[in-house]
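*Asks:* Quick one: the structure is below, questions incoming.
The values are calculated or read from the model by the stated rules, or taken from the named source; none is laboratory data. None of the values given here were measured: they were computed from a predicted structure. Cβ: placed from backbone, ideal geometry, glycine included. Neighbour counts: every protein chain shown. Please note that ligands, DNA and RNA were not included when accessible areas were found on the heavy atoms of the full protein model with its side chains. Shrake-Rupley method; radii C 1.70, N 1.55, O 1.52, S 1.80 Å.
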Amino acid sequence: MTPTTSVRNSRDSSRELQAEFATVLHWVGVAILAYFLVELAFQAWPVALLQPAWLDVMIGFLVSRGITPLTGVLLVAAAAVLNPQSKPLTNRAELLRRLASWVALGYLLLIPVQMYSGAKLLQTRTQQSTQLIGQASRAVEAIRNANTPAELRRAYAQVPGDKAPLPESFPQPFPVIRERLAEAISANTKRAEYEFGNNMSSVWQRSLGLAFGNTLRMLILFLGFAAIGRRSPYHATLLQSLMVRRQGRVGKGHLQGRRHFDGVIDKEWMEIENDQPRS
């Protein structure tokens, strides 16, 4: 065996191992993506797009599990790079990289959606607590205006929440029972109102902290998917395109005052297109 043949056989063996490793990476990535989609389907069912609670749960799931599809797409893309001769691998990789661009934009859109759902949930909780406190206050007023035991029982039934039933016969005179009952419920209502105010303050603080943390995670996931996503093999990734546009805006600031050179060089020659030089 000549040295040239030995080198050729070694290269062929290395290529076979690389192609085999690329196939393993590809199918592991596909399995990870399939697992994520199954989890997503079970988490999203039943779908309730207009309900803030459903949106909040789905946003939490997409943020906490976002690294899973990112890893799957990365493995599929890496497999295509290792074995570019395989059409099935490269075709699936290009499809997923196109989808990754949309997923990246989707994570950006989740930021305002998160703000909307969080604000709606807090607003709903505030309204429900305010209604319960108002209902209890009206029940206290009805108890104080009751003139008979029957009216007292009907007014007491309006008190929200769990409460002990009134005895069949009152152990004390009716006016005494009426006044003591009204005072007790009024005290509980004021205590509940005070605790609600304190709880809402802490809830707002926790909600703002959670929203800030989720926003950072969404931006990180956006960068990850944008670094992979692209329209075609001849286009830059979404992240590269954004960086080029930003550099272009910075460059325009440095070129102010030199507009008398406009028209000397055709602007089309200065644009980057398909990462290929113009012929």
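*Asks:* If you take the residues of the range 97-120 that are in contact with a strand residue (DSSP E or B) (Cβ under 9 Å, 6 or more places away or on another chain) and crowded, with 21+ Cβ neighbours inside 10 Å, which of them is nearest to GLY213 (Cα to Cα)?
*Replies:* It comes out as ALA100.
*Asks:* Given (1) out of contact with any Phe, Trp or Tyr (no Cβ under 6 Å at 6 or more places or on another chain); (2) among the aromatic types (Phe, Trp, Tyr); (3) open to solvent by less than 40 Å² (accessible area, probe 1.4 Å), identify the lone condition not met by TYR194.
*Replies:* Only one criterion is unmet by TYR194, namely (3).
*Asks:* Give me the pairs: first residue in the range 125-146 and more than 12 Å from GLU183 (Cα to Cα), second residue among the basic types (Lys, Arg) and buried (at least 17 other Cβ atoms within 10 Å of the Cβ), beta-carbon distance under 7 Å, and six or more apart or on different chains, which are they?
*Replies:* Taking only residues 6 or more apart or on different chains, the pairs are ALA146/ARG178.
*Asks:* Yes or no: the range 149-165 includes at least one residue that is in a loop (DSSP other than H, G, I, E, B), on the phi < 0 side of the Ramachandran plot and either at pLDDT 85 or above or open to solvent by less than 60 Å² (accessible area, probe 1.4 Å) (or both).
*Replies:* Checking the range 149-165: at least one residue is in a loop (DSSP other than H, G, I, E, B), on the phi < 0 side of the Ramachandran plot and either at pLDDT 85 or above or open to solvent by less than 60 Å² (accessible area, probe 1.4 Å) (or both).
*Asks:* Could you list, in sequence order, the residues of the range 85-96 that are out of contact with any helix residue (DSSP H, G or I) (no Cβ under 6 Å at 6 or more places or on another chain), surrounded by 15 or more Cβ atoms within 10 Å (Cβ to Cβ) and either within 22 Å of SER241 (Cα to Cα) or free of Cβ contacts under 8 Å to residues at least 12 places away in the same chain (or both)?
*Replies:* Within the range 85-96, just GLU94 meets the criteria.
*Asks:* Can you tell me which residues in the range 65-84 are touching a residue at least 60 places away in the same chain (Cβ under 8 Å) and of a type in the set (Gly, Ala, Ser)?
*Replies:* GLY66, ALA77
*Asks:* Here are SER279, SER186, SER201, SER169: which of them is within 28 Å of TYR116 (Cα to Cα) and either modelled with pLDDT of 85 or more or open to solvent by 40 Å² or more (accessible area, probe 1.4 Å) (or both)?
*Replies:* SER201
*Asks:* On to the next question. Which of the residues that make up the range 46-101 are farther than 30 Å from ARG15 by Cβ and in contact with a His (Cβ under 8 Å, 6 or more places away or on another chain)?
*Replies:* none
*Asks:* Moving on to the next point. For residues in the range 14-48 being part of a loop (DSSP other than H, G, I, E, B) and open to solvent by 80 Å² or more (accessible area, probe 1.4 Å), which is farthest from LEU221 (Cα to Cα)?
*Replies:* Among those residues, the one meeting the criterion is PRO46.
*Asks:* Next question. Regarding MET243, is this residue of a type outside the set (S, T, N, Q), under 21 Å from LEU105 (Cβ atoms) and either open to solvent by 90 Å² or more (accessible area, probe 1.4 Å) or not in a helix (DSSP H, G or I) (or both)?
*Replies:* Answer is yes for this residue.
*Asks:* Keeping to the range 49-74, report how many residues are open to solvent by 20 Å² or more (accessible area, probe 1.4 Å) and among the aliphatic types (A, V, I, L, M).
*Replies:* Result for the range 49-74: 9.
*Asks:* Name the pairs: first residue in the range 156-184 and without any contact (Cβ under 8 Å) to a residue 12 or more places away in the chain, second residue of a type in the set (Ser, Thr, Tyr), Cβ to Cβ under 8 Å, at least 6 apart or on different chains?
*Replies:* Listed by first residue and then by second, the contacts come to LYS163/TYR156.
*Asks:* Hey, does the range 99-109 have a residue that's hydrophobic (A, V, I, L, M, F, W, C) and either outside any helix (DSSP H, G or I) or farther than 30 Å from ARG231 by Cβ (or both)?
*Replies:* No - not one qualifying residue is present in the range 99-109.
*Asks:* Quick one: would you say LEU210 is under 30 Å from LEU70 (Cβ atoms), in a helix (DSSP H, G or I) and either open to solvent by less than 60 Å² (accessible area, probe 1.4 Å) or modelled with pLDDT under 85 (or both)?
*Replies:* In short, no.
*Asks:* Okay, moving on. Over 30 Å from SER64 (Cα atoms) and in a helix (DSSP H, G or I): does that describe ILE220?
*Replies:* no
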